[in-house]
1. Could you tell me the convex hull volume per residue, in Å³, taken over the Cα atoms of region 46-85?
2. How high is the relative contact order of the chain, given as a whole-number percent (alpha carbon pairs under 8 Å, six or more residues apart)?
3. Taking all pairs of distinct Cα atoms, average 1/r, flip it, and tell me the Kirkwood hydrodynamic radius of the chain in Å to one decimal place.
4. Can you tell me the dipole magnitude for the chain around its Cα centre, using point charges on the Cβ only (Lys, Arg +1; Asp, Glu -1), in Debye to the nearest 20?
5. Please compute the net charge surrounding GLN121, taking Lys and Arg as +1 and Asp and Glu as -1 over other residues with Cβ under 13 Å from its Cβ.
6. Among PRO115, LEU19, PHE47, which residue has its Cα positioned farthest towards the positive end of the charge dipole of the chain, with +1 placed on the Cβ of Lys and Arg, -1 on the Cβ of Asp and Glu, and the dipole taken about the Cα centre?
7. Which net charge results for the neighbourhood of LEU20, defined as the other residues with beta-carbon distances under 12 angstrom from its beta-carbon, given Lys and Arg at +1 and Asp and Glu at -1?
8. Given the pairs LYS89/LYS129; LYS83/LYS129; LYS101/LYS123; LYS42/LYS138, which span a C-alpha to C-alpha distance of over 26 angstrom in this model?
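Any read-out appearing in this document is the output of simple, stated calculations on the displayed coordinates, not a laboratory observation. Model, not experiment: these values are computed from the prediction. Here the Cβ positions follow ideal geometry from the backbone for every residue, glycine too, while neighbour counts run over all protein chains shown.
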Amino acid sequence: MIIDCHYHLDERLLRTDELLSRMDANGVDKIALMAPMVEPFKEPSAFLVSLLQFLLTHKQLRGIGKSLVANFDASGDVNILGKIYKIDKDPDNVPVFDAVKKYPGRFSGWIFVNPRGRNDQVKEFGKWKNTPGVIGVKAHSFWHHFKPVELAPVAR
């Protein structure tokens with residue numbers, strides 16, 4: 001069985017029916033879905049991605065690489081190649097669990113929380129924790145700018 005454990009479900013990029021078709025075409029049995037946290041952006045060229053990977057994986061060049069990817073404005077949104085993209089402070093779990101409910105044999109779901117969002121992380125967890133297909137909690141300290149210790153309430 002092939003399971004993709006990390007997929008941000010975003011109908012603006014790929015409709016669920018198209019995702020299922022691609023899964024079938026590529027022999028993927030199941031995907032663990034999570035909400036997107038940044039508005040869609042065009043993927044940089046393979047060359048730029050390779051260059052960034054090179055910079056980030058070489059200790060002496062890592063600072064340059066980090067400066068290219070840690071480019072946030074005062075509101076917490078990200079600048080990618082000169083364009084600002086909105087970071088969603090409260091990723092929407094509803095579409096994820098709608099898809100999990102509709103296709104339980106194909107999808108599982110992560111509950112996305114953000115301790116610095118408007119939604120209380122413990123309440124968000126409580127809202128979804130007993131939903132069939134839940135596999136865990138997703139949080140992203142890099143994009144949402146928090147220290148991992150801030151997840152202690154939801155971890156408890």
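1. In region 46-85, the Cα convex hull volume per residue is 65 Å³.
2. The normalised contact order for the chain reaches 21 percent.
3. After inverting the pairwise mean of 1/r, the radius is 17.2 Å.
4. Dipole about the Cα centre, nearest 20: 460 debye.
5. +4
6. PRO115
7. For residues surrounding LEU20, the net value is +1.
8. Beyond 26 Å between Cα atoms: LYS83/LYS129.
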